[in-house]
Amino acid sequence: MLFFPLFYLIGGIYYTLYLYHFLVISALGRFLLPYTDSDGPWLADLLVAIALIVLDVILFGAIMFVVAERPFMRAGRKPRELAVTAGGRA
């Protein structure tokens with residue numbers, strides 16, 4: 001039951017994650033590449049990289065959802081709906 005709110009959140013921002021995941025993976029991959037050890041344990045490097053990438057994709061996607069997508073979702077509402085959701089009287 002604890003994972004359902006997380007799935008709900010990710011489902012709500014899924015399109016934003018889809019749009020920005022490549023940008024985040026590319027930027028983070030370029031940043032992490034110099035820190036990988038070719039002679040060391042590659043599996044540990046891979047698991048750390050995957051964990052960082054997944055967390056950063058979700059975090060960046062959530063920020064972009066709030067900053068870029070949500071204002072446009074509200075822009076399509078009627079003035080009466082905006083007043084009611086903002087706590088005002090219509």
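The values are calculated or read from the model by the stated rules, or taken from the named source; none is laboratory data. Only a predicted model underlies this, so the values are computations on that prediction, with no experimental measurement involved. Note that we place each Cβ from the backbone using ideal geometry, even for glycine, and neighbour counts take in every protein chain shown. Ligands, DNA and RNA are excluded from the accessible area calculation, which covers all protein heavy atoms including side chains. Shrake-Rupley method; radii C 1.70, N 1.55, O 1.52, S 1.80 Å.
Counting Lys +1, Arg +1, Asp -1, Glu -1, what net charge surrounds THR36 among other residues with beta carbon under 14 Å of its beta carbon?
-2
Evaluate E = 1/(1 + (r/R0)^6) for SER26 and GLU69, where r is the Cβ-Cβ distance and R0 equals 22 Å; express this FRET efficiency to the nearest 0.05.
Taking R0 as 22 Å, the efficiency between SER26 and GLU69 is 0.60.
Accessible area of region 1-57 with a 1.4 Å probe: how many percent of it is carbon plus sulfur?
77 percent
Taking 30 Å as R0, compute the FRET efficiency from the Cβ-Cβ separation of TYR35 and LEU9 and round it to 0.05.
In this case the efficiency is close to 0.50.
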